[in-house]
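Shown next, in structure tokens, is the structure this report addresses.
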Amino acid sequence: MIARWLKFNAAGILGVGVQLVSLHVFTHFARLNYLLATAIAVEATLIHNFIWHARYTWRMRTAHDPRASLRRFLHFNLINGLVSLAGNLLLMKFLVEQASLPLVAANLIAIAACSTVNFAIAEFFVFADKREPDDGGLFV
């Protein structure tokens with residue numbers, strides 16, 4: 001599990017880059033409200049992270065069946081997405097409006113706060129190893 005935690009964080013660091021660049025593009029160039037820009041940036045990051053986690057972090061647990069992959073993506077997007085989106089939006093609103101932090105600092109804090117919860121969800125639910133343990137054939 002430690003190896004997966006490290007892989008999760010390696011993919012997550014790349015995802016932080018995706019989220020920060022997306023947030024910058026949507027707030028500075030598209031001139032979107034920072035909360036709407038955060039929501040879009042989180043979704044872009046969810047897609048990025050799912051691909052990395054399926055192909056790198058939990059590669060050994062990833063099915064090659066397209067329907068199973070789609071189902072897993074939808075679970076990841078719904079469950080991790082809910083944590084990431086709700087956590088990021090609530091924390092961003094508080095950190096920007098109440099704590100007066102700059103967007104990037106607030107976003108980094110929000111990402112870090114959601115990370116551990118998202119790892120646990122991915123490890124035990126989204127990418128859980130659903131195979132039955134080998135009982136040695138004693139109860140067949």
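The values are calculated or read from the model by the stated rules, or taken from the named source; none is laboratory data. From a predicted model like this one, the values you see are computed outputs, not experimental measurements. In this analysis, Cβ positions are derived from the backbone assuming ideal geometry, glycine residues included, and neighbour counts consider all displayed protein chains.
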Exercise. Which one is modelled with the lowest pLDDT, of the residues in the range 79-109 that are within 11 Å of the chain's Cα centre (by Cα) and hydrophobic (A, V, I, L, M, F, W, C)?
Worked result: L85
Problem set entry | Sole residue being among the charged types (D, E, K, R) and at positive phi, chosen from R55, R72, R67, R31 | R31
Exercise. Does R31 meet the test of being within 16 Å of the chain's Cα centre (by Cα) and not hydroxyl-bearing (S, T, Y)?
Worked result: no
Exercise. Is it true that F29 is buried (at least 16 other Cβ atoms within 10 Å of the Cβ), modelled with pLDDT of 90 or more and either under 12 Å from N107 (Cβ atoms) or not hydroxyl-bearing (S, T, Y) (or both)?
Worked result: no
Exercise. Restricted to the range 110-130, and to residues that are touching a residue at least 60 places away in the same chain (Cβ under 8 Å) and outside any helix (DSSP H, G or I), which residue is nearest to the chain's Cα centre (by Cα)?
Worked result: F127
Exercise. Do you know which residues across the range 45-63 are farther than 13 Å from F73 by Cβ and either surrounded by 17 or more Cβ atoms within 10 Å (Cβ to Cβ) or of a type in the set (K, R) (or both)?
Worked result: T45, T57, R59, R61
For this session: Say whether the condition of being assigned to a helix (DSSP H, G or I) and within 30 Å of A105 (Cα to Cα) is met by at least one residue in the range 62-70.
Result: no
Exercise. When both residues are 6+ apart or on different chains and their Cβ atoms are under 9 Å apart, which pairs have a first residue that lies in the range 68-97 and is without any contact (Cβ under 8 Å) to a residue 60 or more places away in the chain and surrounded by fewer than 16 Cβ atoms within 10 Å (Cβ to Cβ), and a second that is among the polar types (S, T, N, Q) and not in a helix (DSSP H, G or I)?
Worked result: A68/T62; S69/T62
Problem set entry | Test set (1) touching a residue at least 40 places away in the same chain (Cβ under 8 Å); (2) of a type in the set (S, T, N, Q); (3) within 26 Å of I2 (Cβ to Cβ); (4) buried (at least 18 other Cβ atoms within 10 Å of the Cβ) - T38 fails condition number | (3)
